1. Select from segment 14-35 the residues that are crowded, with 17+ Cβ neighbours inside 10 Å and without any contact (Cβ under 8 Å) to a residue 12 or more places away in the chain and list them in ascending order.
2. Just a yes or no: is a residue in segment 78-91 over 13 Å from the mean Cα position of the chain (by Cα) and surrounded by 14 or more Cβ atoms within 10 Å (Cβ to Cβ)?
3. Assuming Y45 fulfils every condition listed in (1) surrounded by fewer than 20 Cβ atoms within 10 Å (Cβ to Cβ); (2) within 15 Å of V110 (Cα to Cα); (3) not hydrophobic (A, V, I, L, M, F, W, C) apart from one, which condition is it?
4. Wholly within segment 48-129, which helices (runs of 4 or more DSSP H) include no fewer than the required count, namely at least 2 residues that are among the basic types (K, R) and over 21 Å from M19 (Cα atoms)?
5. Just need a number here: residues in segment 68-104 that are in contact (Cβ under 8 Å) with a residue 24 or more places away in the chain and of a type outside the set (D, E).
6. What's the number of the only condition in (1) under 21 Å from A30 (Cα atoms); (2) modelled with pLDDT of 95 or more; (3) of a type in the set (D, E) that E68 fails to meet?
7. Can you report the number of residues in segment 54-65 which are out of contact with any Ser or Thr (no Cβ under 9 Å at 6 or more places or on another chain) and either polar (S, T, N, Q) or surrounded by 14 or more Cβ atoms within 10 Å (Cβ to Cβ) (or both)?
8. Identify the residue in segment 3-13 that is of a type in the set (A, V, I, L, M) and within 13 Å of the chain's Cα centre (by Cα) and, among all such residues, is surrounded by the fewest Cβ atoms within 10 Å (Cβ to Cβ).
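The values are calculated or read from the model by the stated rules, or taken from the named source; none is laboratory data. Predicted, not measured: the structure shown is a model, and the values here were computed from it. Methodologically, a virtual Cβ is constructed for each residue, glycine included, from the backbone with ideal geometry; neighbour enumeration extends over all protein chains shown.
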Amino acid sequence: MKPITAEWIEKAEDDFAVMQREIKVQVAPAYDAVCFHAQQCAEKYLKACLCQADAQFGKIHDLVALLEYALDIEPDWEKYREDLAYLSDFSVSFRYPGESADHNSALEAVWRCEKFRNAARKSLGLEIS
């Protein structure tokens, strides 16, 4: 595995851990943070896979745009388009006033993130946990 790929994975796993911890909070959970870290985890796994395959991509945070690059490497990932589109909304708009995540949208973000994370880890030859 390339060092840059490993760095992307490490950062993705940090986001995954934060997402997993925060979704369990009982008092004053930060659902916006859950959704943001779900988006970030998926973004970083997409970038890890692209780096591993020597694919070029710009400074992109739109998960569907990144998916377009990744489909050359993993054509089966088309089935994650809806999941990635859902998560992509949490990259910016939910970080500022005007939009807020609730418990249901946070649970949905976690579920969609976990699905894509498993696919990405499988693609990279990593254990699925």
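1. Hits for segment 14-35: nothing passes.
2. Taking every residue of segment 78-91 in turn, none turns out to be over 13 Å from the mean Cα position of the chain (by Cα) and surrounded by 14 or more Cβ atoms within 10 Å (Cβ to Cβ).
3. (1)
4. none
5. Here the count works out to 16.
6. (1)
7. So the count comes out to 4.
8. I9
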